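None of the figures in this text is laboratory data; all of them are computed from the coordinates on show. What you are looking at is a predicted structure, and each value in this text was computed from that prediction instead of being measured. A quick note on method: Cβ atoms are made from the backbone with ideal geometry, for glycine too, and the neighbour counts reach across all protein chains shown.
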Amino acid sequence: MNEQEFNNALLKIRRILRETSEISAKDLIVKLSSTHLRIDRENLAFILGWLAKERNINLEFRGDNLVVTNQSSKYEFAFG
């Protein structure tokens with residue numbers, strides 16, 4: 001992912017967050033996947049880490065899976 005693609009991804013993510021006053025971790029992932037962004041695992045982790053600060057979401061990699069937790073929910077996503 002080059003710098004322009006990364007910035008475009010952040011703009012789309014910010015738009016998602018502006019359009020929703022509250023969003024669960026699961027809904028956030030669904031919305032991100034619906035934007036058809038081509039983001040590799042490391043860049044996704046960085047972007048989600050940035051979002052975690054904004055939305056109080058915890059992130060953890062377990063092997064090839066990403067575990068996303070918030071106060072009330074826990075989701076695990078596999079990278080295929």
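Spin-label model, LYS74/LYS12: points 7 Å from Cα along the beta carbon direction are separated by 3.0 nm.
Placing pseudo-labels 7 Å out from each Cα toward the beta carbon at ASN65 and ASN43 gives an inter-label distance of 2.6 nm.
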